[in-house]
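Everything below concerns the one structure shown next.
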Amino acid sequence: MKLRTLIASLSPLALLACSTSDTQPAPAVDGTDSAVPADAASPPAPKDAAIFQDDAADAAFVCNPAAPAGSFYALSSPDLGQTRTVSMCEYRGDVVLVVNVASACGYTPQYKPLQAVFEKYGSKGFTILGFPCNQFGAQEPGSDKDISTFCTAEYGITFPMFTKSNVNPPTENPIYSWLKAQPGGAGAISWNFNKFLLSRKGVLIKRYDSTVTPDDPSLTADIEAAIAAAK
């Protein structure tokens, strides 16, 4: 799997005050983000700006063998910046952690352990896919460019990020429709930084609440077990 990240120099997005506490309010839909699928990238060293991905060779990616209809690998989503549409088939054989993220939330500091976990396990067949969403307290109001600048400048994020989209109805990203339709994944996304862990075969292993940090021993144990499992 070839995954690349182009880093461009941009000024950081100012972090907005978070309007939530550790208690998760009910989801609020702002209706401004249309649902669209997700991105790709491999762990290059963080640099001093944005994580827009733009690679002509990757844009021609072909899923071979073809992903079965209805599988995670049959889905796709535009990357952060919408430079190309990324097939989830690019992550076939990897353990995947899917996270809906926001730049101005009380859980936003989870970006730091997310990046640390990505760096720790990335070389072992593990990746994280970040999906910015503005449905919860309008805590992701910026553009893809703003989000990219913030994530790189504040946290040095190098894992794949996707264009801003909704994770709950009525216009939810089809990747989230699929995740919530899997055994153990049911229920509306409750707030920013809910997490879904998928096996090397694209099967949902477990869903985690926002309060479960990326470096929580229970989550990292599940990641390690999934990495150790045969493809």
Item to check | Identity of the residue in the stretch 66-82, crowded, with 19+ Cβ neighbours inside 10 Å and polar (S, T, N, Q), that ends up nearest to L204 (Cα to Cα) | outcome: S76
Next on the checklist: For the stretch 133-153, check the following and say yes or no: at least one residue is out of contact with any Gly (no Cβ under 8 Å at 6 or more places or on another chain), under 21 Å from I223 (Cβ atoms) and surrounded by fewer than 24 Cβ atoms within 10 Å (Cβ to Cβ).
Outcome noted: no
Item to check | Residue check, L75 of a type outside the set (K, R) and within 22 Å of T152 (Cβ to Cβ) | outcome: no
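Name the single residue, out of those in the stretch 194-231 being among the polar types (S, T, N, Q) and within 18 Å of the chain's Cα centre (by Cα), that is nearest to G70 (Cα to Cα). Spell out how you get there, then give the answer.
Narrowing the stretch 194-231 to residues among the polar types (S, T, N, Q): 194, 199, 210-211, 213, 218, 220.
Next cut, within 18 Å of the chain's Cα centre (by Cα) only: 194, 199, 210-211, 213, 220.
On the way: N194: 22, S199: 16, S210: 27, T211: 30, T213: 30, T220: 28 Å.
If we take residues in the stretch 194-231 being among the polar types (S, T, N, Q) and within 18 Å of the chain's Cα centre (by Cα), then S199 is nearest to G70 (Cα to Cα).
Take Y91 and tell me if it is more than 21 Å from D209 (Cβ to Cβ), of a type in the set (F, W, Y), surrounded by 20 or more Cβ atoms within 10 Å (Cβ to Cβ) and modelled with pLDDT of 95 or more.
On the way: more than 21 Å from D209 (Cβ to Cβ): yes; of a type in the set (F, W, Y): yes; surrounded by 20 or more Cβ atoms within 10 Å (Cβ to Cβ): yes; modelled with pLDDT of 95 or more: yes.
In short, yes.
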Checklist outcome for this item: For the stretch 120-146, the count of residues that are assigned to a helix (DSSP H, G or I) and either free of Cβ contacts under 8 Å to residues at least 24 places away in the same chain or closer than 15 Å to Q110 by Cα (or both) equals 1
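The values are calculated or read from the model by the stated rules, or taken from the named source; none is laboratory data. Since we're looking at a predicted model, the values are computed, not measured. When we count neighbours, we look across all protein chains shown, and the Cβ atoms used for this are built from the backbone with ideal geometry, even at glycine.
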